[in-house]
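Every number here is computed from the coordinates shown, using simple stated rules; none is lab data. Please read these numbers as outputs of a predicted model, since none were measured by experiment. Note that we place each Cβ from the backbone using ideal geometry, even for glycine, and neighbour counts take in every protein chain shown.
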């Protein structure tokens, strides 16, 4: 599937392709220097075989290059990318281990390629073109099934000594808390993510089914999803609102810890769960302000919702490829 | 009191004075470009009146300048310093509130002055001349009564959007945990600091006085101090070792969270409690490795003891003034 204008704009010397590799689909787009997506295309993630994923990326790039002259390709992937942005060290959902994705792709497409952590790419997009614009010290938190993040300091993406920083979803906030796929217990993403939202809603559905009627809409509790909770909350359902308030509270608590460590000027909250907007971010902001170390004696960061939506990964990856 | 050589070295164009303002004493030193303290002097912190503290700093600077030609003065103070390094926003132990220390001092001494958070100055010293040398992504944790910290990223001190970052002692690690002077509960510094060490030791002394004999040395439990615990542990006392192991464990747990967020190449542990050396850092390192998110799939930072000791504050403040 390809969307967008088939007209190649004049003066397109600054076009790059951004690719967002997810567990279910690979999305790609042609992005200009203003962060506008001129055209996009996508395919299902073919399998968990790295070679087939590379095939899919190469095919999408070839498809988009039929209509646009591009100079670089940026790939955002959910995983740990080494510090020179060439190798996927570990990607839990893609079965990549020490995969030299940059060089594999560069030889396939004949263009400069950079590989970036997907949450870093999203953070960079929000910094350059979205809700973080103008904030040189910015923390983006991507609240999806888990929590990803990206950290911009002094106007630069901070990747860490080994390239695997900004995994703030795995700071421990509850000793001996819920188990996490990372091997630890009590990670922030077990309390302030889509997974936590669904856990809270299902618990209500099991314990007080009558309170969960509007979330369930006739289905069994184990089919409840995050968007069901958000939709019910947007209709004013008290149980769904309570779930978002709980998750938002944990979110704000973690943001207060991040403020103590990083002291950003702004937090941007993105990811699928942020579709709930102020129903999530309102409680997060309240808990953040109530939990900020030394509150009353310090300037406070603001907490806002991301504005670029699901295009952020493509836009950020393309922009990073152009730098 | 003045120490050090009275001989002015040839080619001293790069000398700066570093000042470390503590709650009980003000220490100052002449530092060369290699981080060597050529001479030092100190006075008791005269009172909590900001004007008298400025008097003491100016007097120490004047005293040292009788023998050395210096070009800048760096002051490290325990407090929140604004991002342009001029104003102490809040210094709990010095009663400073929005104190324009840089300009007050610059007009008193007639030299360029920078004001820096004391833990930032110590971190910078360890990065430039101590245990962190060569690590451009470095986190220093200063374990004293509380926990301070300094963050070096890409070879630059990260101060935050408002200048008050790296206060990692106030990340929350235990929901509804011990109360903290910062207004919150469950801060890291309530579990992994000198205060926590003394709390643990006193609890043993009250509950099992016979187990605490070597720490107590005949005194009542409420006179037990951190150095007592360290000294007993160095003599092999099991109760004291258990206290350091407990505190070290919490320390390592917090380092694992910081690694998830910041991914430094090295952690340096300084401050008074680090005088216990491996008796503290050994358990911290063990817990850190056992708690690292995604361990086995990632490179790991090492955790080492600071090497500059109590001079770090002076050395770092002087070096930052010279930059």
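On a C-alpha basis, how far is the centre of region A:110-143 from the centre of region B:21-65 in Å? Whole number, if you could? First find each Cα centre; the distance between them is then 44 Å.
Averaged over peptide A:170-180, the number of partner chain Cβ atoms lying within 10 Å of each residue's Cβ comes to 5. Sorted shortest first, the separations between the residue B:103 label point and its copies elsewhere in the assembly read 5.7 nm; each point sits 7 Å from Cα along the Cα-to-Cβ line. Size of region A:251-323 from its Cα atoms: along the principal axes, largest to smallest, the extents are 41, 29, 15 Å. The translational diffusion coefficient of region A:120-163, from Stokes-Einstein at 25 °C and 0.890 mPa s with a Kirkwood hydrodynamic radius over alpha carbon pairs, comes to 235 µm²/s. Cβ-Cβ distance of residue B:67 and residue B:222, R₀ of 45 Å, FRET efficiency by 1/(1 + (r/R0)^6): the value works out to about 0.50.
Mind checking A:245-254 for the average number of partner chain beta-carbons within 10 Å of each residue's beta-carbon? Numbers along the way, then the final one.
Numbers: counts 0, 0, 0, 0, 0, 1, 0, 0, 4, 2.
Mean number of neighbouring Cβ atoms from other chains: 1.
Of all beta bridges that DSSP places with both ends in the protein assembly as shown, some 60 percent have antiparallel geometry. Taking label points 7 Å from Cα along the Cα-to-Cβ direction, residue B:300 and residue B:185 give a separation of 3.4 nm.
Where the eigenvalues come from the Cα gyration tensor of region A:16-173, what are the semi-axes √(5λ) of the equivalent ellipsoid, largest first, in whole Å? It would help to have the intermediate numbers written out before the result.
Numbers: eigenvalues 113, 74, 38 Å².
With the √(5λ) rule applied to region A:16-173, the semi-axes are 24, 19, 14 Å.
Mean partner shielding of peptide A:261-268, defined as the number of other chain Cβ atoms within 10 Å of each residue Cβ, is 6.
Per the Kirkwood formula on distinct C-alpha pairs, the Rh of the protein assembly as shown is how many angstrom?
Details: mean 1/r = 0.0381 Å⁻¹.
Every distinct Cα pair counted, the radius reaches 26.2 Å.
Summarising the strand pairing of chain B, around 60 percent of its internal DSSP beta bridges are antiparallel. In the distance distribution for region A:66-156, Cα-Cα pairs more than 23 Å apart total 32 percent. For residue A:219, the label point sits 7 Å beyond Cα toward Cβ; its separations from the matching points on the remaining copies run 6.6 nm, from shortest to longest.
For the Cα atoms of chain B, what angle does the longest principal axis make with the long axis of helix B:50-65, in degrees from 0 to 90, nearest 10? Computed tilt is about 70 degrees.
For residue A:97 and residue A:59 in the same chain, what is the full-extension length gain: residue separation times 0.36 nm, less their Cα-Cα distance, in nm? Can you show the working numbers first?
Values: separation 38, 0.36 × 38 = 13.68 nm, distance 2.24 nm.
Full extension of this stretch gives 11.4 nm more.
Quick one: plug the Kirkwood hydrodynamic radius of chain A (C-alpha pairs) into Stokes-Einstein at 37 °C, 0.692 mPa s, and report D in µm²/s.
Numbers: Rh = 20.2 Å.
D, rounded to a whole number, is 162 µm²/s.
In the assembly of identical copies, residue A:207 has its label point, taken 7 Å from Cα in the direction of the beta carbon, separated from the corresponding points by 3.0 nm (ascending, one decimal). Entry note: region B:198-323 has Rg to Rh equal to 1.06, where both radii use alpha-carbon atoms and Rh is the Kirkwood radius.
For chain A, the longest principal axis of the alpha carbon atoms and the long axis of helix A:278-291 meet at an angle near 70°.
Computed from the C-beta positions of residue A:203 and residue B:235 and an R0 of 56 Å, the FRET efficiency is 0.60 to the nearest 0.05. The radius of gyration of the Cα set in region A:129-255, together with its Dmax, comes out at 16.7, 51 angstrom.
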